[in-house]
Amino acid sequence: MSVNNELETTMIALFQTIDLALNLYTWVLIASAIFSWLYAFNVINSSNQFVNSVGMFLYNVTEPVLRPIRRVLPNLGGIDISPIILLLIIFFLRSFMWNTIFPLVA
């Protein structure tokens, strides 16, 4: 195996790992949004310890990324579109990574 082929294989693995992490974060973000809706409409029991721990996990994982987006967005009267903005950013990053950066390094 040549050094160039090994480097290309490593780059493919790195890009696939980054893509997988972004994909997983997308699903965590969607789960967090759905959970917040269920919590807001009292569909789930907020006093249940398991439900509370899942909610805290989702909040702790998504809030550090959503907070700066919320600071920039205008007040829409109780409608939070920051998860949608973040999903668009993730989609852009994944497309940019595969269509622009990857062809340059592979």
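What Rg and what Dmax come out for the chain when only alpha-carbon atoms are used, in angstroms?
My reading of the Cα-based Rg and Dmax gives 18.4, 60 Å.
Rg/Rh for segment 49-88: what does it come to with C-alpha atoms and Rh from Kirkwood?
Taking Rh as the inverse mean 1/r over Cα pairs, Rg/Rh reads 1.05.
Between ILE90 and ILE30, 0.36 nm times their residue separation minus their Cα-Cα distance comes to what?
20.4 nm
Could you check the simple spin-label distance between ASN23 and MET56, using points 7 Å along Cα→Cβ, in nm with one decimal?
3.2
Can you tell me how much longer the chain between ARG71 and SER46 gets when fully stretched, taken as 0.36 nm per residue apart minus their C-alpha distance, in nm with one decimal?
Once the chain is fully extended between ARG71 and SER46, it gains 6.3 nm.
Over the chain, with the other protein chains present, what is the accessible area per residue in square angstrom, probe 1.4 angstrom?
73
If I compute solvent accessible area with a 1.4 Å probe over the protein chains, what percent of it on the chain is carbon and sulfur?
Here it works out to 69 percent.
Where in the chain are the DSSP H helices whose alpha-carbon span along the long axis reaches 24 Å or more and whose Kyte-Doolittle mean is at least -1.0? Don't skip to the answer; put the middle values down first.
Details: long enough: 3-40 (55 Å, 0.95); 49-72 (34 Å, 0.28).
Flagged H segments are 3-40, 49-72.
The values are calculated or read from the model by the stated rules, or taken from the named source; none is laboratory data. It should be emphasised that the depicted structure is a prediction, and the values quoted were computed from it without experimental measurement. For neighbour counting, all protein chains shown are included, and Cβ atoms are generated from backbone atoms with ideal geometry for every residue, glycine included. Surface areas here come from the heavy atoms of the whole protein model, side chains and all, with no ligands, DNA or RNA. Shrake-Rupley method; radii C 1.70, N 1.55, O 1.52, S 1.80 Å.
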